[in-house]
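**Q** First the structure, then my questions, so here it is.
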Amino acid sequence: MLQTDTVAAIQTTAIREWADLFNWPALTATGLRVAGALVVAVIAQYALKAVLRSVERSSEKDGIVTAQEQRTRTLLSLLRSMGRVVIWVMTLFMVLGALGLQLGPLLAGAGVVGLAVSFGAQSLVKDVISGLFILMENQFGVGDVVRLEGVSGSVERMTLRVVVLRDVHGVVHVVPNGEIKKVSNLTRGWARVVLDVAVAYKEDPDRVMAVMLDEGRRLYEDPQWRPLMLDEVQVPGIESFGEAGVTIRLLAKTLPLKQWEVARELRRRLKLRFDQEGIEVPFPSQTMYWGEGQSPAELATLAARPTPAGAPDAER
């Protein structure tokens, strides 16, 4: 019994000594500060998302996407990515401060480490600097259709490091900003439809061009398509002579991102009009020469003739 009481007393003393090692009021205050910093970070992130979404909705307009709206989308995409980084970096500093760490020496050490890392991460620094110049020069924005480094597609997202493109097949391409040497913007300001229409050599080119101009005028005057077109359709003339026909070029100036819709409608209307006017569109064809008296029809006739009785096999 005495031994049991002694063991219990030793355990109680050890628990008290272990508890004295912790300042529970200080730990509670530290925990509350850390939790408060995390709560503030979450609230700030949701507030940032709500504000940017509100700005994005206010800038959205039905129908036409203006250059100012594209610029706004680009800036919002950049602010969204940068805002998250800033919020969580500040939260990290707040948590470290709440834990009692001295931020001055920590920042000095982080500066030295950052300098060392920068030498090994030159491509990352190059991407960030290139991203800043792309943004300041407004080379392209979210919603533009561009061609970058051999890939083309619609710009879905832009950050200081990469550009995210989605092509017509739905494939997503991520292009680092530092790798962009040349930008081909297919939708800046306005776009153009270029249709090369081939017709048979026997057709009168003046008549064909008149039909194409008339059909282009009808499309331009159509209330459904008129808002997408900036000028009347033009037919400069014969573009080239091909092996099977004559190629005549048609041009139409449209709003950005609308050239493909207008081109498809023009092709549909020209096909129907050509059928109505009897204008022939050339197609590849071949003429086979079998030699004199060696056409397939004559060979078939000879094979169908009855062979005289007693004729040698060579004559059959």
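**Q** Can you give me the distance in nm between label points at TRP88 and VAL172, each placed 7 Å from the Cα along the Cα-to-Cβ direction?
**A** 1.6 nm
**Q** What order do MET209, MET229, MET94 take when sorted by accessible area (1.4 Å probe), most exposed first? Write out the running numbers ahead of the final one.
**A** Working: MET209 40, MET229 5, MET94 95 Å².
From most accessible down to least: MET94, MET209, MET229.
**Q** Now a separate question. Averaged per residue, what accessible area in Å² does the range 138-222 show with a 1.4 Å probe, protein chains only?
**A** On the way: 4280 Å² over 85 residues.
About 50 Å² of surface per residue is accessible.
**Q** For PHE274, tell me the accessible area in Å² from a 1.4 Å probe, rounded to the nearest 10.
**A** We get 10 Å² for PHE274.
**Q** When only alpha-carbon atoms are used, what values of Rg and Dmax, in angstrom, describe the range 153-205?
**A** Considering the range 153-205 through its Cα atoms, Rg and Dmax are 18.2, 58 Å.
The values are calculated or read from the model by the stated rules, or taken from the named source; none is laboratory data. Note that the coordinates shown come from a computational prediction; the quantities given were computed from them, not determined experimentally. Heads up, the Cβs are rebuilt from the backbone with ideal geometry, glycines too, and the neighbour counts pull from every protein chain shown. Surface areas here come from the heavy atoms of the whole protein model, side chains and all, with no ligands, DNA or RNA. Shrake-Rupley method; radii C 1.70, N 1.55, O 1.52, S 1.80 Å.
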